[in-house]
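Here's the structure we're looking at; comments come further down.
The values are calculated or read from the model by the stated rules, or taken from the named source; none is laboratory data. Remember, predicted model here, so these are calculated numbers, not experimental data. Neighbour counts run over all protein chains shown; Cβ positions are idealised from the backbone, glycine included. Areas reflect the complete protein model, heavy atoms only, side chains present, ligands, DNA and RNA absent. Shrake-Rupley method; radii C 1.70, N 1.55, O 1.52, S 1.80 Å.
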Amino acid sequence: MIFGGLIIPWTRHVKSGRDLLRRSFEAANKIGDLTYAAYSCDQLNTNMLAAGDPLVEAQREFENGLEFARKVRFGLVIDLISAELGIVRTLRGLTAEVRLLRG
């Protein structure tokens, strides 16, 4: 997760680390490390924003990530993803202002 989300973008395009982020989420989820899975999910969302992915796709991914974070009851990641999702919704013109989606 760290390599894909923080190291690779220093040397290549930010999207280059996306496969590693997805793999870190899948591996952590598979072995039951829900903390690492939740952080990987948040890093993937941040990667999508930084890469300038279409907002419709980003919103769908963020909503899936928020659902996962709520399922595992990880408050910090719920807050992080909620803020990013609020930004995406605002940029798409779906809200008048950025709103956090609480738990």
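The table below lists the values:
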{"read-out": "When residues of region 42-79 are limited to those that are of a type in the set (V, I, T) and farther than 18 Å from K15 by Cβ, the one most open to solvent (accessible area, probe 1.4 Å)", "value": "V72"}
{"read-out": "Top-ranked residue of region 20-41 - restricted to ones that are among the small types (G, A, S) and loosely packed, with under 15 Cβ neighbours inside 10 Å, ranked as nearest to the chain's Cα centre (by Cα)", "value": "A27"}
